[in-house]
Amino acid sequence: MSTVFTKIIRGEIPSYKVAEDDRYYAFLDINPLTEGHTLVVPKQETDYIFDLDDRMLEGMIVFAKRIARKIEQKIACKRVAVVVLGLEVPHAHIHLIPINSEKDVDFHREKLKLSAEEFTRIAESIML
Ligand code: AMP
């Protein structure tokens with residue numbers, strides 16, 4: 001069965017898309033820790049990020065970097081944190097989280113509640 005992220009990539013489940021190319025897809029995390037919290041996923045369905053082959057992994061971090069640069073320009077933050085957990089969705093992904101302090105990457109914290117309009121505005125502002 002396809003992962004929720006594959007369904008998003010195929011357009012079967014909606015997402016707030018930020019960027020896409022032939023190998024990767026990026027969209028806003030639906031439970032954001034901070035405004036602009038983005039997930040970067042390979043279109044290839046692989047659970048564990050370190051099971052990706054070297055070329056796919058290299059390309060993924062370079063793709064993530066382009067998005068991080070755009071986030072830095074558009075969202076007030078000290079830097080963009082890069083986090084890999086993968087405990088919930090078995091489809092490799094990188095969290096890009098604009099942060100101002102360590103507290104911003106505490107996954108136990110209450111997530112932001114954003115409206116569809118807010119998600120849309122944020123996605124459009126950081127879209128490549
Ligand atoms: P983890 O696998 O532990 O890295 O967490 C998976 C992340 O995916 C969580 O931060 C979820 O909020 C996020 N997530 C799960 N389903 C969706 C979805 N349909 N759209 C956007 N983000 C999602």
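Summary table below
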{"item": "Filtered residues of region 83-117 (kept if in contact (Cβ under 8 Å) with a residue 24 or more places away in the chain and among the charged types (D, E, K, R))", "result": "Asp104, Asp106, Arg109, Lys111"}
{"item": "Region 103-119, residues that are touching a strand residue (DSSP E or B) at 6+ places or on another chain (Cβ under 9 Å) and open to solvent by 30 Å² or more (accessible area, probe 1.4 Å)", "result": "Val105, Phe107, Leu114"}
{"item": "Hits in region 35-59 - residues which are more than 23 Å from Phe119 (Cβ to Cβ) and touching a residue at least 12 places away in the same chain (Cβ under 8 Å)", "result": "Gln44, Glu45, Thr46, Asp47, Tyr48, Ile49, Asp51, Leu52, Met56, Gly59"}
{"item": "Residue within region 58-80 that is open to solvent by less than 10 Å² (accessible area, probe 1.4 Å), farther than 24 Å from Arg121 by Cα and either away from the ligand (no atom under 11 Å from the Cβ) or over 15 Å from the mean Cα position of the chain (by Cα) (or both) present", "result": "yes"}
{"item": "Residue in region 72-81 that is touching a residue at least 40 places away in the same chain (Cβ under 8 Å) and of a type in the set (D, E, K, R) present", "result": "yes"}
{"item": "Residue, most open to solvent (accessible area, probe 1.4 Å), within region 16-28, restricted to residues that are in a loop (DSSP other than H, G, I, E, B) and farther than 14 Å from Arg121 by Cα", "result": "Asp22"}
{"item": "Asn31 vs. criteria within 18 Å of Glu118 (Cα to Cα) and surrounded by fewer than 16 Cβ atoms within 10 Å (Cβ to Cβ)", "result": "yes"}
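The values are calculated or read from the model by the stated rules, or taken from the named source; none is laboratory data. This is a predicted model, so every value here is computed, not measured. Cβ atoms come from the backbone with ideal geometry, glycine included; neighbour counts cover every protein chain shown. Note: accessible area is taken over every heavy atom of the protein model, side chains too, but ligands, DNA and RNA are not part of it. Shrake-Rupley method; radii C 1.70, N 1.55, O 1.52, S 1.80 Å.
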